[in-house]
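In what follows, a structure is listed as structure tokens, so that the remarks can point back to it.
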Amino acid sequence: MAPQRDNDEPLVTIRDLTFRRDGRVIFDGIDLDIRRGRVTAIMGPSGTGKTTLLRLIGGQLRPERGSIRFAGEEITRAGRGRLYELRKRMGMLFQNGALLTDMNVYDNVAFPLREHTDLPEPMIRDLVLMKLEAVGLRGARRLMPSQLSGGMARRVALARAIALDPDMILYDEPFTGQDPISMGVLVRLIRTLNESLGLTSVLVSHDIAEAASISDYIYLLAGGRVVAQGTADQLYESDSQWAQQFLQGLPDGPVPFHYPAPDYAGDLLAGDEDREAAA
Amino acid sequence: MLDLLQNLGRRGLGVFERLGRASLLLVQILAGLHTLLPRPRLVIQQVFSVGVLSLVIIVVSGTFVGMVLGLQGYNTLVDFGAEESLGVVVALSLVRELGPVVTALLFAGRAGSALTAEIGLMKATEQLSALEMMAVDPVRRVLAPRFVAGFLSMPLLAAIFSAVGVLGGYFVGVGLLGVDEGAYWSQMQDKVDLYDDVYNGVIKSLAFGWVATWIAVFEGHDAVPTSEGVSRATTRTVVYTSLAVLGLDFVLTALMFGD
Amino acid sequence: MMSTRTTEIWVGVFVAAGLAALFMLAMKVSNLSALDEEDGFTIEARFEDASGLKVRSPVTMAGVRIGRVVAIEFDKQSLQAVVRMRIDRRYDTLPADSSASIYTAGLLGEKYVGLEPGAGADECEEAALEAELEGREPEPCEGGARVLRDGARIKITQGSLVLEKLIARFVSQFLESGGKKEAAQ
């Protein structure tokens, strides 16, 4: 896998991606490259469709326009069977782990292996224990998902995501709601797994410090566009107002404090409208 | 007035849209059934949670319904001196109507709501999405086994309900009220027809099993993925299944016995 | 979480109980054990009036059910009802001169077809008796006793008694006799 390291051809190429949901434009012609062997962070304020982007890459949603290529194959036009083949090469870590609640930790990690391979049970056992060891939870294999803390559930889900040795892992908000210790564990895991397994990682997050600390490249999304990109240092030094507001957490800026509304004074005087709308 | 019409129209369209989505899901489920053949365990697991776990409520309700039928039937028949026909009354009511219908209603409350809640929660906690991303089709892996299990369990549950009910009626009629034991069984055998009554009863419960599980699975799959959405979907399952079962029962009864 | 084995055992118990219940409904509650109608022969009878009779109505002899009505048709030539009945194969020695009537079970019960054996003994025996009296060898009689076979037709029939017709006849007779009495006075 090492030779691919320096291969500059991106694993995922997104061009002119446009996506709309319920008439609202989520993405308005964005271009993105995910390079092999790197950790790429996609950041931006809540509601900018970061998770939607992961679902588009996974082929769970179809864009209105534009192209998404994974390892040279067009995801947006792939048939069902082909899409399923491609997904075996992607792992996805959902926000809360999304472990199957009716199986224990061991069976959850074994699940993709049992579904997609005909490996004998002893070999599955070895693989599962290897993956669990990688996330440090080999001892928790008899626990049910309801007995795990949020951080542990995510680590089990991570073990499950790497069970089939994918090329790429998509992380959906992995740090949300974690205490500092488990956040630190996750940060380290993402980075080390990326190195040791030769993965390509895509990280969707709004936790600036953590994401910036492990990312090789950062895309900043806002208003359906890529507003800034670069390494963490480049972004901190950029003069983009978007980047500055987001990185420093300013309440007002290009992302306005106020939701778009008519003139304040006029709105107060025209009080009947809401009542009519409600009726 | 126009608003009312518009509202009505919008609701009507919504109903059709949901019906369309439900039919589409059913087609997907049916198209995925062949993938279950090499993996009967998936279905067995679900027969356990749909069928076996409903067993207690079915047996208890069946016994009591049979006992009530025995009591009420006796009190009515004794006025005509026809209490020997008690077996006929109990068996026909159970096999033709109460067995399939009450079982389906209990099924909606016990198993249907559980199915919807389970699938809805799996959706809300992104388990279905996760399956998709693991290249596992949730319709085939999660919905299809549940559908098959419900469809197969219903006639068995209804048969158990009816059989237990006949015994309950026997207990009250013969054991407590003194109806002749021979008359109870022989009149029953004379008047209850295998084809007309038992067979049609089984057909009914198969139809109910189909509809009840379809609704439960669809509502779960179509639920808004929040806790409120799941609880609403669960309620809808029980309401819609009950309505559908009662309506369908009328249609089937008219087709089967309405000559 | 229950082990797979326990789950499977429970499912086995459940399926067995369900099948046992179905079996009980078939054998104990309904009449599967009484009569196997697929296996039998069909006879037909023509009635002036078959009102109230239905397909699957019972066919009895001496009060015992021996078959069921399988078809009721209208014959436009004779303007009669043609009733086809399927008789259990066990009863394949019914005399050919049996008669069929449509009765009502109880005052308000359902209609059924009652068969009664004919008055005459079977013809072979009669022929044999005759031959003996005349002092000659009895001719070989085809098929032994004459019995109802598949496709046979019962000739002597008595159709349904329709209550309104009975009442109408009774009333008209009553009026007639009343009129005569009046005339006599």
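Each residue of the range B:201-208 was assigned a 3J(HN,Hα) from its phi angle through the Karplus curve 6.51 cos²θ - 1.76 cosθ + 1.60 (θ = phi - 60°); the sequence is x, 5, 4, 4, 5, 5, 4, 5 Hz, with glycine and proline shown as x.
Quote the relative contact order of chain B in percent (integer), defining contacts as alpha-carbon pairs under 8 Å separated by 6+ residues.
Working: 340 pairs, mean separation 81.6, N = 259.
Dividing the mean separation by the residue count of chain B yields 32 percent.
Would you mind getting me the FRET efficiency between C:THR4 and B:ASN7? Use the beta-carbon distance for r and R0 = 60 Å, nearest 0.05. Mind showing how you got there, number by number?
Details: r = 52 Å, r/R0 = 0.86.
Rounded to the nearest 0.05, the efficiency is 0.70.
Simple spin-label estimate for A:TYR259 and C:VAL147 gives 9.0 nm between the two label positions (7 Å along the Cα-to-Cβ direction from each Cα).
Positive-end ranking of A:PHE175, A:LEU99, C:ALA81 along the dipole of the protein assembly as shown, with charges on Cβ about the Cα centre, is headed by A:PHE175. Evaluated at 20 °C with a viscosity of 1.002 mPa s, what Stokes-Einstein diffusion coefficient in µm²/s does the range A:86-133 have when Rh comes from the Kirkwood expression over alpha-carbon pairs? The diffusion coefficient I find is 183 µm²/s.
When DSSP beta bridges are limited to those with both residues in chain A, what percentage is antiparallel, rounded to the nearest 5? Around 55 percent of the beta bridges assigned by DSSP in chain A are antiparallel ones. For chain A, modelled as a Gaussian network with Cα springs under 10 Å, which listed residue fluctuates most, A:GLU73, A:GLU237, A:GLU64? Result: A:GLU237 has the largest fluctuation of those listed.
Pairs of Cα atoms in the range B:200-259 fall into 5 Å distance bins, from 0 up to the last occupied one, in shares of 4, 20, 23, 19, 12, 10, 7, 4, 2, 0 percent.
Students sometimes get this wrong: rank B:TRP214, B:TRP185, C:TRP10 by accessible area, probe 1.4 Å, all chains present, largest first.
Details: B:TRP214 55, B:TRP185 30, C:TRP10 115 Å².
Descending accessible area places them as C:TRP10, B:TRP214, B:TRP185.
With kT/(6 pi eta Rh) evaluated at 25 °C and eta = 0.890 mPa s, and Rh the Kirkwood radius from Cα pairs, the protein assembly as shown diffuses with a coefficient of 76 µm²/s according to Stokes-Einstein. Please report the relative contact order for chain A, taking Cα pairs under 8 Å with a sequence separation of at least 6, and give it as a percent rounded to a whole number. Relative contact order of chain A: 23 percent.
What is the magnitude of the charge dipole of the protein assembly as shown about its Cα centre, with +1 placed on the Cβ of each Lys and Arg, -1 on the Cβ of each Asp and Glu, and no other charges, expressed in debye to the nearest 20?
Values: 70 positive and 88 negative charges, 417 e Å.
That gives a dipole near 2000 debye.
Taking every alpha-carbon pair under 8 Å whose residues sit at least 6 apart, the range A:25-122 reaches a relative contact order of 13 percent.
Sorting the segments B:6-15, A:192-201 by their mean number of nearby beta carbons within 10 angstrom, highest to lowest, gives A:192-201, B:6-15.
The equivalent ellipsoid of the range B:53-135 has semi-axes of 45, 10, 8 Å, largest first, where each one is the square root of 5 times an eigenvalue of the Cα gyration tensor.
Projected over all directions and averaged, the alpha-carbon convex hull of chain B occupies 17.9 nm².
Residue by residue along B:135-144, Cβ atoms of other protein chains within 10 Å of the local Cβ number 3 on average. If you wrap the Cα atoms of chain A in a convex hull and average its projected area over all directions, you get 18.6 nm².
Hydrophobic, long helices, defined as DSSP H runs whose alpha-carbon span along the helix axis is 15 Å or greater and whose mean Kyte-Doolittle value is at least 0.0, occur in chain A at A:121-134, A:150-161, A:180-196.
Put simply, the amide H of A:LEU221, placed in the peptide plane, has neighbours under 5 Å in A:MET43, A:GLY44, A:VAL227, leaving out anything fewer than 5 places away on its chain.
Could you pull out which residues in the range A:195-237 have an amide N less than 16 Å from a spot 7 Å beyond the Cα of A:GLU85, following the Cα-Cβ vector? Within reach of a label on A:GLU85, which here means backbone N under 16 Å from a point 7 Å along Cα→Cβ, the range A:195-237 contributes nothing.
Between the C-alpha center of the range A:209-274 and that of the range B:62-129 there is a gap of 60 Å. Scoring A:38-51, B:139-152, C:153-166 by mean Cβ neighbours within 10 Å over their residues and listing the highest first yields B:139-152, A:38-51, C:153-166. Remark: mean inter-chain Cβ contacts per residue of A:98-106 equal 4, using a 10 Å Cβ-Cβ cutoff to other protein chain atoms. Enumerate the residues in the range B:141-164 having an amide nitrogen under 18 Å from the point lying 7 Å beyond the Cα of B:ARG41 toward its Cβ. Taking a point 7 Å out along Cα→Cβ of B:ARG41, the residues of the range B:141-164 whose backbone N falls under 18 Å are B:141-146, B:149. Note on C:ARG84/B:ILE203: beta-carbon distance plugged into 1/(1 + (r/R0)^6) with R0 of 25 Å gives a FRET efficiency of 0.45. Computed from the alpha carbon atoms alone, the convex hull of the range B:95-156 holds 60 Å³ per residue.
Of all trypsin sites (Lys or Arg not before Pro) in the range C:62-105, which ones are in loop regions per DSSP and have a Cβ with at most 11 other Cβ atoms within 10 Å? Could the numbers behind the result be given before it?
Numbers: sites: C:ARG65, C:ARG68, C:LYS76, C:ARG84, C:ARG86, C:ARG89, C:ARG90; in loops: C:LYS76.
Sites meeting the loop and neighbour criteria: C:LYS76.
Close amide H pairs (under 5 Å, H built 1.01 Å from N) link A:GLY59 with no residue at least 5 positions away or on another chain.
Of the cross-linked pairs B:LYS123/B:LYS204; A:LYS50/A:LYS131; C:LYS54/C:LYS76; C:LYS28/C:LYS54; C:LYS111/C:LYS165; B:LYS204/C:LYS54, those separated by over 21 Å at the C-alpha level are B:LYS123/B:LYS204; A:LYS50/A:LYS131; C:LYS28/C:LYS54; B:LYS204/C:LYS54. Accessible area of the protein assembly as shown with a 1.4 Å probe: how many percent of it is carbon plus sulfur? Of all accessible area on the protein assembly as shown, carbon and sulfur atoms account for 58 percent.
Annotation for B:VAL224 and A:GLU115: the two label points, set 7 Å from Cα along the Cα-Cβ direction, are 2.8 nm apart.
Placing dummy labels 7 Å off each Cα toward the beta-carbon, the span from C:LYS155 to B:TYR195 is 3.1 nm. For C:THR60, the amide hydrogen comes within under 5 Å of the amide hydrogens of C:ILE66, C:VAL113, C:GLY114, C:LEU115, counting only partners 5 or more places away or on other chains and with H modelled in the peptide plane.
For a Förster distance of 25 Å, can you work out the FRET efficiency between the beta-carbons of C:VAL162 and B:ALA254, rounded to the nearest 0.05?
Numbers: r = 27 Å, r/R0 = 1.09.
Here the calculated transfer efficiency is 0.35.
The values are calculated or read from the model by the stated rules, or taken from the named source; none is laboratory data. Quantities reported herein were computed from a predicted structural model and do not represent experimental measurements. Note: ideal-geometry Cβ built from the backbone for every residue, glycine included; neighbour counts use all protein chains shown. SASA here: full protein model, heavy atoms, side chains in, ligands and nucleic acids out. Shrake-Rupley method; radii C 1.70, N 1.55, O 1.52, S 1.80 Å.
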